[in-house]
């Protein structure tokens, strides 16, 4: 993405160019015409000095009257004025010139990052096409603000428009680009009954959507709120730098003052030249010690890391969570909706003296009037048209199943207790899952026809998610579920999890997680249901599924995966670790260079030009390094 400088930045660039030209011209003049009086050169060099530094000088004076004495602008003003006082006019101009170059570079870097994040989050819809019913019963479209649309309203979404609110398609089919939310570039085909998410882009067809919530509660509104508030949560490294700068600057000013005064006094020297030498060394000390490289680069690194994660469909609510993920050594999963799809499907069919198709046909017809998730899974597995005219009387048997008359015969479809009740010669299945038995009851006998195994499907990405976590060094993977022991064991074995705990209530999950944390484990909990909200809030880092997850889970989580893909947990870990590595590089590099030049300056080896590099040069290099965070892919 091409970055366009603001008017303020363009104005600063012009000032830098003018001041640089004048500095070079007057320096050459000073070298050639050595006999010109010093005050002439003072007046000449004051021109570029004021061109480039009038705002720095003004801010430094204003800050002094507001009690903000020891900031970087005060340090630069003091150092440049000191250089002029000792007759080093070019150095005095250079201090402010290069300081402003660093400020411009910082402004552009932050602007580019903010623009990139803003572009990624440019998902706020501007309007909604609301269907309004007139007094005579006719309908027409009205273009309104998304905030004006009530729950249950019908809106029309045309090709090329952003979907303004969450809802269900009731008419028409289309293709939707979800990349702004999920990072997934492949468009998704949508038909009536499918859920659409606000902030995604309608590509092809015209469709009508019945809204399922108001704009303030929509996916897009919550995402925008998360991004806007992410900078409020500072990481430990950021807090350290803030505290460091608070104490560091006064120490530096006092040290520079002592360096200027103590050696001449201690040596008992009254020579003006010696005093000038030590004052010059103190000014070098002031320039190089400016902490702006740290103060700028560390927050910029975290902001860039959060922006880089958002490109991958990973929304991180603050820098502190980014830092916490980098330290995690244990990932704890909920099962349903996180590792599994949260939707039942027919896993296998075991017929007895009839074909699999016949067994499924009978079960689907018997369940055809039920909305129970198990019944729905059986009906969906029956891909052919269900002829409900074949079904007579249907009776639900509470806690056991259903009795249905199909083609004039009595059929019982349900669990083992129902089979015992009707006298069927049934048997247990060796497979794990919910077992639906089918029997036909005739006047003289009961015929067992077989059973169907229904399971909550494991997400195809779940196995890869565990594999990727192992690759990044997180081998302790735990599953906490309220499901039955045999089902939990089966899922854990298939996914090669380290351990699992079954038949847990929400409070039990919290206790299990606390046990892990008490043993010193740095935990990430991944969940999606409303019952996961307490444990998400308890974990060191809570990660929620953003597409199918409940509102409570998303609100309680610290990180949201917009496409529900658990593989991105490992990607979030990689991004956080690389961001923290870059943060540490900036801190170590900045401090090491500054300490080296401080020592050299104290002994008179480093001059003002090297001091300027120690400040501005280090700042520029640290900013460039920080911007790498935005390009981290997590691969």
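The values are calculated or read from the model by the stated rules, or taken from the named source; none is laboratory data. Here the structure is a predicted model, which means the values were calculated and not measured. As a convention, Cβ positions derive from the backbone with ideal geometry for all residues, glycine included, and neighbour counts pool all protein chains shown.
For region 465-478, does any single residue satisfy the condition of being closer than 27 Å to residue 380 by Cα, surrounded by 15 or more Cβ atoms within 10 Å (Cβ to Cβ) and out of contact with any strand residue (DSSP E or B) (no Cβ under 6 Å at 6 or more places or on another chain)?
No.
Every residue, every condition in (1) part of a strand (DSSP E or B); (2) outside the structural domain of residue 501 (by TED's automatic domain parsing); (3) closer than 16 Å to residue 536 by Cα; (4) at pLDDT below 90, yes or no:
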| site | (1), (2), (3), (4) |
| --- | --- |
| 310 | no, yes, no, yes |
| 323 | no, no, no, yes |
| 326 | no, no, no, no |
| 333 | yes, no, yes, no |
| 337 | no, no, yes, yes |
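Let's see how each residue does on (1) at pLDDT 70 or above; (2) assigned to a helix (DSSP H, G or I):
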site: 205; (1), (2): yes, no
site: 225; (1), (2): no, yes
site: 246; (1), (2): no, yes
site: 252; (1), (2): yes, yes
site: 258; (1), (2): yes, yes
site: 262; (1), (2): yes, yes
site: 269; (1), (2): no, no
site: 283; (1), (2): yes, yes
site: 286; (1), (2): yes, yes
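Among the candidates 60, 25, which residue alone is part of a helix (DSSP H, G or I) and within 22 Å of residue 616 (Cα to Cα)?
On inspection, the qualifying residue turns out to be 60.
Any residue in region 438-457 that is surrounded by 15 or more Cβ atoms within 10 Å (Cβ to Cβ), modelled with pLDDT of 85 or more and assigned to a helix (DSSP H, G or I)?
Checked region 438-457: no residue is surrounded by 15 or more Cβ atoms within 10 Å (Cβ to Cβ), modelled with pLDDT of 85 or more and assigned to a helix (DSSP H, G or I).
Mind checking whether some residue in region 345-360 is touching a helix residue (DSSP H, G or I) at 6+ places or on another chain (Cβ under 7 Å), farther than 19 Å from residue 440 by Cβ and part of a strand (DSSP E or B)?
yes
Looking at (1) surrounded by fewer than 22 Cβ atoms within 10 Å (Cβ to Cβ); (2) at pLDDT 85 or above; (3) more than 30 Å from residue 305 (Cβ to Cβ), which is the one condition that is false for residue 174?
(1)
Of everything in region 482-530, what is part of a loop (DSSP other than H, G, I, E, B) and more than 14 Å from residue 456 (Cβ to Cβ)? Give them in sequence order.
Restricting attention to region 482-530, the residues satisfying the condition of being part of a loop (DSSP other than H, G, I, E, B) are 482-484, 496-498, 502-505, 519-522, 528-529.
Hits for region 482-530 are 496, 497, 498, 503, 504, 505, 519, 520, 521, 522.
Looking only at residues in region 22-50 that are surrounded by 11 or more Cβ atoms within 10 Å (Cβ to Cβ) and more than 26 Å from residue 78 (Cβ to Cβ), which one is modelled with the highest pLDDT?
Going through the qualifying residues, I end up with 25.
May I ask you to list the residues in region 513-530 that are closer than 20 Å to residue 466 by Cα and modelled with pLDDT of 90 or more?
The answer is 513, 516, 521, 522, 523, 524, 525, 526.
Is it the case that residue 622 is surrounded by 19 or more Cβ atoms within 10 Å (Cβ to Cβ) and over 17 Å from residue 323 (Cα atoms)?
Against the criterion (surrounded by 19 or more Cβ atoms within 10 Å (Cβ to Cβ) and over 17 Å from residue 323 (Cα atoms)), residue 622 qualifies.
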